[in-house]
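Colleague: Can you read through this structure? Questions will come right after.
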Amino acid sequence: MRDDETPPQTPTGTLSSVTPTPPGTDTPATQAGPAAWLLRLVAVGLVLTALNLRPAITSLGALLEEVRDGLHMSGSVAGVLTSVPPLCFAVFGIMAPRLARRFGPGAVVCAGMTAITAGLVIRPLVGGTAGFLAASALALMGIAVSNVLMPVIVKRWFPDRVGSMTGLYSMALALGTSLAAAVTVPMTEAMGGSWKAGLGIWAVLAAVAILPWIPLVRDRHTASGQPSAEQVRAPELRITRSRTAWALACFFGLQATAAYITMGWMPQIFRDAGVPAGTAGVLLAVTMAMGVPLAFVIPRVAARMRNQGPIVVFLGSCGLIGYAGLFLAPSGGAWAWAVLLGVSNCAFPLALTMIGMRSRSGAGVVRLSAFAQSCGYLISIPGPLLVGVLYQHSGGWGLPIGLMAALMVPQMVVGTLAGRDRTIEDEC
C-alpha cells in the first residue's frame with residue numbers, strides 16, 4: 001500500500017475498526033491519538049537511535065589498520081572482524097519480535113541502546129582479539145534488535161507517515177554513519193593518537209540515545225492496554241511461504257554485503273592506492289553522507305510508487321559504475337567513486353521502506369522485518385570475509401572489486417522482484 005493511501009490507524013499501526021467495541025464503551029482507539037509530546041519523544045528517540053546504528057562499525061573501518069596492528073591481526077582475521085556485524089545482526093535480530101511481544105518495542109530499543117553503550121565502553125579496554133570481538137558483539141547485539149524494530153515503531157506510532165518517518169530515521173542513520181567515518185581519525189589524533197580512545201568516544205552518543213526510551217519502557221500493548229487483534233492472529237502468518245519475503249530477504253542481504261564491504265574495506269582500498277589515511281576516512285564519510293539527503297528522499301518517492309523496481313535498477317547501476325572506477329583508477333577518480341557508491345548504498349533505506357509496504361498489518365511488518373533482516377544478514381556474512389581472504393592471497397584489490405561488482409547483478413534482480421506491488425498476506 002502506498003504511503004499516501006494508508007488508512008487511518010491507531011498509534012500501534014492497527015486499524016481502529018479491527019477490535020470490536022461494546023456499545024457505549026469508549027476506548028483510546030476511538031478517542032484522540034497520542035499526545036503531541038509523546039509523538040515528539042518517539043521521533044527524537046528514532047533519530048537518536050538511528051544515529052547510533054553504525055558508528056560502532058564505521059569508526060572501526062576508519063581505524064582498521066591501527067586496530068590490526070595493535071591487536072596483531074592477519075588479513076583473514078580482520079576479514080572475520082568485518083563479518084561480525086552481519087553475523088550478530090542475523091543471530092540477534094531474529095530475537096527482536098519475541099522480545100518486543102514480551103517487553104514492548106520501547107523497552108527492547110532502550111536495552112539495545114544500553115548494550116551499545118556498554119560494548120563501546122568495554123571494547124577499547126580489553127586486550128586481545130577475543131575480548132575485542134566479544135565487546136563488539138555486545139554492541140552489535142543492541143544494534144541488531146534496534147535495526148529490526150525501527151520499521152515496527154514507525155508503523156506503530158506513525159502509520160499514516162511511513163515514508164516520511166522512514167526517511168527521517170534513515171537520514172539520521174546515514175548521518176551517524178558518515179559522521180563516524182569522517183571524524184574518527186581526526187578525533188583519534190586530537191586525543192593523542194590512541195585508536196582505543198578514538199573508538200571509545202562513541203559511547204557518549206549511545207548513552208544519550210537511552211534517555212528518550214525510558215518513558216516508553218512500559219509501552220507493551222495497544223492504547224487500550226490489551227493485545228491487538230493483529231497480535232492475536234500473528235501466528236497464522238507463515239512468512240516462509242511468501243516469495244516476496246524471500247526476494248526482500250535476498251535483496252536486503254546483497255545490499256548489506258555491499259554496505260559492509262564498503263564500510264570495512266573501502267578506506268583500505270584507497271590507502272593502498274596511495275591516498276592518505278585521513279583522506280581515506282573522509283572519502284568513506286562522503287560515501288556514507290550521500291545517504292543523508294537520499295535516505296530522506298528515496299523512501300518518500302518509493303512509498304508513492306506501486307513498483308520500486310526502477311529505483312532498485314538505478315541504485316545498482318551506480319554501484320556498478322563505482323566499482324569499475326575503483327578497479328580502473330582508484331585514486332584518480334576517488335571522489336567520484338565515493339559519491340557513486342554512496343548513491344548505491346541507499347538501497348538500505350529503500351529496503352526498509354519496502355518492508356513497511358509489503359505487509360498490510362503492524363504484526364506482519366514485525367515478522368517481515370525480522371525475517372528479511374535476519375536472513376539478509378546471514379546472506380551477507382561471507383562477503384566481507386571473502387574480500388579479506390582474496391585481498392590477502394591475491395595481493396591486490398582486483399579480485400575483491402570484481403566480486404563486489406558481480407554481486408550487484410543479482411541484487412538488482414531480487415530487488416526488482418521484491419519491489420512488485422503485493423503484500424506477504426497475499427502469499428502466506
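The values are calculated or read from the model by the stated rules, or taken from the named source; none is laboratory data. It should be emphasised that the depicted structure is a prediction, and the values quoted were computed from it without experimental measurement. Note: ideal-geometry Cβ built from the backbone for every residue, glycine included; neighbour counts use all protein chains shown. Remember, those area values only see protein heavy atoms, side chains included, never the ligands or the DNA or RNA. Shrake-Rupley method; radii C 1.70, N 1.55, O 1.52, S 1.80 Å.
Colleague: Take region 270-291 and flag every residue that is of a type in the set (Gly, Ala, Ser) and part of a loop (DSSP other than H, G, I, E, B).
Modeller: Ala273, Gly274 - these are the residues of region 270-291 that are of a type in the set (Gly, Ala, Ser) and part of a loop (DSSP other than H, G, I, E, B).
Colleague: Quick one: which of Gly325, Gly333, Gly309 is farther than 14 Å from Gln255 by Cβ, at pLDDT 90 or above and open to solvent by 10 Å² or more (accessible area, probe 1.4 Å)?
Modeller: Every option except Gly333 fails the conditions.
Colleague: Are any of the residues in region 174-190 outside any helix (DSSP H, G or I), open to solvent by 10 Å² or more (accessible area, probe 1.4 Å) and farther than 23 Å from Phe348 by Cβ?
Modeller: No, that holds for no residue.
Colleague: Does Arg161 meet the test of being charged (D, E, K, R), modelled with pLDDT under 85 and under 19 Å from the mean Cα position of the chain (by Cα)?
Modeller: No: the conditions fail for Arg161.
Colleague: Test of understanding: among Val409, Val366, Val343, which residue is without any contact (Cβ under 8 Å) to a residue 60 or more places away in the chain and in a helix (DSSP H, G or I)?
Modeller: From the options Val409, Val366, Val343, the qualifying one is Val343.
Colleague: Can you say whether Leu41 is at pLDDT 75 or above, open to solvent by less than 20 Å² (accessible area, probe 1.4 Å) and not acidic (Asp, Glu), as far as the supplied structure shows?
Modeller: Here the answer is no, as Leu41 does not meet what is asked.
Colleague: Quick test for you: out of Gly415, Gly383, Gly402, pick the one residue that is over 21 Å from the mean Cα position of the chain (by Cα), touching a residue at least 12 places away in the same chain (Cβ under 8 Å) and in a helix (DSSP H, G or I).
Modeller: That would be Gly402, the only listed residue that is over 21 Å from the mean Cα position of the chain (by Cα), touching a residue at least 12 places away in the same chain (Cβ under 8 Å) and in a helix (DSSP H, G or I).
Colleague: So which of Met290, Met263 ends up being open to solvent by 40 Å² or more (accessible area, probe 1.4 Å) and either in contact with a helix residue (DSSP H, G or I) (Cβ under 6 Å, 6 or more places away or on another chain) or farther than 19 Å from Ala182 by Cα (or both)?
Modeller: Met290
Colleague: With the requirement that a residue be of a type in the set (D, E, K, R) and either in a helix (DSSP H, G or I) or in contact with a Lys or Arg (Cβ under 9 Å, 6 or more places away or on another chain) (or both), what does region 113-163 give you?
Modeller: Of everything in region 113-163, those that are of a type in the set (D, E, K, R) and either in a helix (DSSP H, G or I) or in contact with a Lys or Arg (Cβ under 9 Å, 6 or more places away or on another chain) (or both) turn out to be Arg123, Lys155, Arg156.
Colleague: Among the residues of region 396-409, are any at pLDDT below 90, open to solvent by 10 Å² or more (accessible area, probe 1.4 Å) and out of contact with any Phe, Trp or Tyr (no Cβ under 8 Å at 6 or more places or on another chain)?
Modeller: Yes, there is a match, as at least one residue in region 396-409 is at pLDDT below 90, open to solvent by 10 Å² or more (accessible area, probe 1.4 Å) and out of contact with any Phe, Trp or Tyr (no Cβ under 8 Å at 6 or more places or on another chain).
Colleague: Please find, within region 44-81, the residue that is modelled with the lowest pLDDT out of those that are under 24 Å from Ala174 (Cβ atoms) and polar (S, T, N, Q).
Modeller: Here the residue is Thr58.
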